[in-house]
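The values are calculated or read from the model by the stated rules, or taken from the named source; none is laboratory data. Here the structure is a predicted model, which is why all the values come from computation and not from measurement. Cβ: placed from backbone, ideal geometry, glycine included. Neighbour counts: every protein chain shown.
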Amino acid sequence: MTVNPTTPPAPLAPAPSDLVRVVIDGVEVHVPKGTTLLKAARQVGIDLPVFCYHDGLSVAANCRMCLVETNKAPKLLPACHATVMPDMEVQTRSARVVEARRGVLQFILLHHPVDCPICDQAGECLLQDTYDAHSLQPSAHDFRKNHKAKAEDLGPHVMLDAERCILCTRCIRFCDEVAKTPQLGIKQRGNRSEITTYPGQPLDNPYSLCTVDLCPVGALTSKDFRFKKRVWFLSGTATICTGCARGCNVRADHHEGVVYRLVPTYNAKVNRWWACDEGRLGFHRYEVDRLLAPRLAGRDVTEAEALARAAELVKEGASVDLAVSELLPLEDLYLALAFARGHLGGRPVYVTRRSDGVGDDLLVRADKNPNGAGLALLAAHFGVTLKPLSELPAQAGRTLLALCPEIPDGCPGNELPGKGVSVIVTSTFDNALSKKAAVALPAVSPLERGGTYVTFEGVVQQAHKAIDGPAGTHSPWVFLRNLGKAAGCGETFPATRQEAREAVFRAVPGLAEGGRP
Amino acid sequence: MPARDLHTEMMTLNMGPSHPAMHGTVRMKLTLDGETVVHCDPEVGYLHRGFEKMCENRTWPQCLPYTDRLNYSSPLINNVGFVLALEKLLGAKSTPRADFIRVIISELSRITDHFTAIAAGALELGGFTPMIWGVEARDHLYNLVEDLTGARLTVNYTRVGGVKHDLPVDFEAHWREYRDKILKLHHDIDVVLTKNGVFLDRNEGVGCISRADAIEHGFTGVVLRSTGEPYDVRRAHPYLVYDQLDWTVPVGTKGDNLDRYLCRMEEILQSISIIDQCLARLPQGPFLSSEWASALPDKEYVYHTIEGMIAHFEMIMKGIEVPPGEAYGYVEGGNGELGFYLVADGRGGPYRCHVRPPCFALMQGLHLMVEGGMLADIIPTFDSINMIGGEIDR
């Protein structure tokens, strides 16, 4: 059984004749016909408390937290559902409303377990904050609380604590309306009601972790994050998911140099409120198999030794080629291509990329590279020809400078150069190429460097650096700069990523953050 | 007179900051003509913890333990002063029982403060025995404070809306026991010091300040009252239940060290009487308000109901959300008017917290009390104002 989704009212053209005058807490405001009282109240700066309402979902009006008093109805109306009427007077702070909120919270908390000390949501819990702001009344009951399942496995990523659930149905509506996979419903009646999956059908849609974000309480928790860190220790950094070409906006929550989770943040142009499970768990791949020290033919050395050897290879090489990656942000790509144009003549630049996977029609793109569009843009700007790495001719005496932090094995087009080519690689991982390379330099991961990316739709977005990389790791462009110095190529490089970004924005016309070039 | 006759050159002498008699790390830059003090320039600030600045990124309840460390001779009064200012800002009220308890603890602290000043003053003039007696009296009261708060000095006992917990059941019995011991010690000190020739020589007519000068320099407390000005916050602007109690404000006449000593000795007796009256009239009822917006819920609610649990959690994480505004709350501290000027901006902690410590005002008029006197008289005079480094921290 699922809740019937009601279609939200379509946005109307704001023709003056369609504007309705309403007075909210004494403040007059004119809003289009069909606007809900909740949205009208926001226009005068009043945020009504809600549990079930969410901007990205249909209106259920089941939590009754947003009840307001009007002069058009004898009973209190749910502001998320009731629409404006001409000359409506709305009270959001009257005694009746305050009393109603206390009543609603009393019922919601009636069977709520005393779990805050062990609940992952504590500290970012809508129920805690709403009770603090609108009730603070002691419990009125003195009977035993209802008990329900405590750690129910709903699917690969989500756990349910049915006792904590307040039955707002946000998760159900998300699955029905956004993920289009109706996998959740409510079973039983009254105070025995519980969120559940259908028998044998786990909550396994590609966006299942969005139900955890949506859950206003600690009922749905992420298996990946639960019990890892109390949320008040976390600092959030606005960044970009680098899992595919969509470029979902996410907040990286970290503490003492460790990232604990990625949470989607709202961006109307890119991902709205959502992110896929694969993308937001992708940061874990940078926790293992890291290349942590510079290496010469499999031997750990200092950075100076590695750079000296790399400079020798660049100078001695019969010819030097450059490889870049579609995973790199604009700053690294810009400096690499500028270097290639200045020092490598008109030869093509070779490209590595993650091979295409499966996409869907919500967010996930088949193209798993975060900056393919950015690389194409810069190649056009510099007039550089791009070729897959597999097309690099295997010829003795050549040197390949590969600014490729990740080269997944077994991707067509990424076949490693044959024998005789000396490879200098900046690699995040200790992988096939770093093992085979003449010189391997340890590179940072995306969350350790930040950078500017262009989505497949052409939106230019900046990811901020969330944490420091392990000691000795650098961005590929920093190695390029250090190598340039060691080789005495005379190139001047910017000092910081910020300067590099300004240089790109200056050089490429029409490129601006948030815009589409 | 000999110094003048010898026509010596003026000498600049740094007394402190690390000098045994300069309690609380104060430096006095002295200009001496022989042994006569021509100019005295006291300099505070060597002891600096940034109490006011620290408060700005703490919650209101987190600020309270810091107040223990202001005047550490009477930490409970600081607690009371801070929450009274905060309650004024918040428009909150404490319970009737808590009002009486707050008076009791304020007077306990006043007695410990005065005994400390008298004991140290005697010691610095060579009176080791009265010092031991004074500290013994103070220790008896610290036992009582320890029973009450769990700590002898870092008490952290008051709360918005009341106090942390109720008086222990045997509090009154213990008080009676210690009261008799303290009265005996008070009597002994009185016998040994008050008519002692050496003590009188060093204190009578020494460190004088006029009533007008004292008012001019913002003096309060014992030092102001020793000049004959009967200003006592408890009487002039009554708070808690002081206006319901029977007590007097002792004043001096000459504003010298001896008057200050005598005022303190008498105030100890007055405070004992106030405590007796409060214990006799202590009302039953809650010791902490049940307004969960400003007071932590009882543990019974926290452990067994989700409502109490959330209220506790939000208070600990966010503090007390005080509507934007400002307030100045003030009480009679051990050394005079102790004021807290608090500014709230709606968050759970202060936007600005300023403390008006009585000793800071005393320090700005200290030179009037020592200039023209002998170098050696700085010791009893500085002691008689009982400057406490913890509260002039800035």
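Going by the conditions given, is A:P138 assigned to a loop (DSSP other than H, G, I, E, B), closer than 19 Å to B:T305 by Cα and not assigned by TED's automatic domain parsing to the domain that holds A:P216? Answer is yes for this residue.
One line per residue, one yes/no per condition, for (1) modelled with pLDDT of 95 or more; (2) among the β-branched types (V, I, T); (3) touching an Asp or Glu at 6+ places or on another chain (Cβ under 8 Å):
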site: B:R234; (1), (2), (3): yes, no, yes
site: B:H237; (1), (2), (3): yes, no, no
site: B:L245; (1), (2), (3): yes, no, no
site: B:V251; (1), (2), (3): yes, yes, yes
site: B:R260; (1), (2), (3): yes, no, no
site: B:C263; (1), (2), (3): yes, no, no
site: B:E266; (1), (2), (3): yes, no, no
site: B:L269; (1), (2), (3): yes, no, no
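Can you find a residue in region B:295-318 that is within 19 Å of the chain's Cα centre (by Cα) and at pLDDT 95 or above? No, region B:295-318 has no match at all.
The set of residues in region A:62-75 that are surrounded by 20 or more Cβ atoms within 10 Å (Cβ to Cβ) and either polar (S, T, N, Q) or part of a loop (DSSP other than H, G, I, E, B) (or both) comprises A:C63, A:M65, A:C66, A:T70. At least 3 residues being surrounded by 17 or more Cβ atoms within 10 Å (Cβ to Cβ) and in contact (Cβ under 8 Å) with a residue 24 or more places away in the chain is the threshold, and among the strands (runs of 3 or more DSSP E) wholly inside region B:1-92 those reaching it are B:27-33, B:36-43. Residues in region A:486-502 that are out of contact with any helix residue (DSSP H, G or I) (no Cβ under 7 Å at 6 or more places or on another chain), modelled with pLDDT of 85 or more and not acidic (D, E): A:A495, A:T496, A:Q498. Within region B:37-60, the set of residues being within 21 Å of the chain's Cα centre (by Cα) and β-branched (V, I, T) comprises B:V44 only. Applying a threshold of 6 Å to beta carbon distances and a minimum spacing of six or more residues, or different chains, the list of pairs starting in region B:217-236 at a residue that is closer than 18 Å to B:F360 by Cβ and ending at one that is surrounded by fewer than 18 Cβ atoms within 10 Å (Cβ to Cβ) reads B:H217/B:Q364. The requirement of being within 14 Å of chain B (Cβ to nearest Cβ) and assigned to a helix (DSSP H, G or I) is satisfied by A:E163. One residue stands out in region B:278-329 among those that are part of a helix (DSSP H, G or I), touching a residue at least 60 places away in the same chain (Cβ under 8 Å) and crowded, with 19+ Cβ neighbours inside 10 Å: the one that is farthest from the other protein chains (Cβ to nearest Cβ), namely B:C278.
Conditions tested, residue by residue: (1) in a loop (DSSP other than H, G, I, E, B); (2) in contact with a strand residue (DSSP E or B) (Cβ under 8 Å, 6 or more places away or on another chain); (3) among the basic types (K, R); (4) at the interface with chain B (Cβ under 8 Å from one of its Cβ atoms).
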{"site": "A:R93", "(1), (2), (3), (4)": "yes, no, yes, no"}
{"site": "A:V97", "(1), (2), (3), (4)": "no, yes, no, no"}
{"site": "A:R101", "(1), (2), (3), (4)": "no, yes, yes, no"}
{"site": "A:V114", "(1), (2), (3), (4)": "yes, no, no, yes"}
{"site": "A:A133", "(1), (2), (3), (4)": "no, no, no, no"}
{"site": "A:F143", "(1), (2), (3), (4)": "yes, no, no, no"}
{"site": "A:N146", "(1), (2), (3), (4)": "yes, no, no, no"}
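Listed conditions (1) of a type outside the set (D, E, K, R); (2) assigned to a loop (DSSP other than H, G, I, E, B); (3) within 14 Å of chain B (Cβ to nearest Cβ); (4) touching a helix residue (DSSP H, G or I) at 6+ places or on another chain (Cβ under 7 Å) are all met by A:L105, apart from (2). Residues that are surrounded by fewer than 20 Cβ atoms within 10 Å (Cβ to Cβ), under 10 Å from B:G207 (Cα atoms) and in contact with a helix residue (DSSP H, G or I) (Cβ under 6 Å, 6 or more places away or on another chain) within region B:340-378 comprise just one, B:L368. For B:T227, the criteria (1) more than 23 Å from B:G329 (Cβ to Cβ); (2) outside any loop (DSSP other than H, G, I, E, B); (3) under 21 Å from the mean Cα position of the chain (by Cα) hold in every case but one, which is (2).
If the condition is being surrounded by fewer than 17 Cβ atoms within 10 Å (Cβ to Cβ) and facing another protein chain (nearest Cβ under 9 Å), then region A:116-128 contributes only A:P117. Among the residues of region A:121-140, those that are among the polar types (S, T, N, Q) and touching a Lys or Arg at 6+ places or on another chain (Cβ under 7 Å) comprise A:S135, A:Q137.
A:D277 fulfils the conditions (1) within 30 Å of A:V231 (Cβ to Cβ); (2) touching a residue at least 60 places away in the same chain (Cβ under 8 Å); (3) among the charged types (D, E, K, R); (4) surrounded by fewer than 20 Cβ atoms within 10 Å (Cβ to Cβ) except for a single criterion, (4). So which of A:H30, A:H54 ends up being assigned to a strand (DSSP E or B), outside the structural domain of A:D176 (by TED's automatic domain parsing), out of contact with any Ser or Thr (no Cβ under 6 Å at 6 or more places or on another chain) and surrounded by fewer than 22 Cβ atoms within 10 Å (Cβ to Cβ)? Within the list A:H30, A:H54, the selection yields A:H30.
Just to be sure I understand, how many residues within region A:184-228 are surrounded by 17 or more Cβ atoms within 10 Å (Cβ to Cβ), touching a strand residue (DSSP E or B) at 6+ places or on another chain (Cβ under 9 Å) and farther than 22 Å from A:C276 by Cβ? So the answer is 3. All conditions but one from (1) assigned to a loop (DSSP other than H, G, I, E, B); (2) in contact with a Ser or Thr (Cβ under 8 Å, 6 or more places away or on another chain) apply to B:A151; the one that does not is (2).
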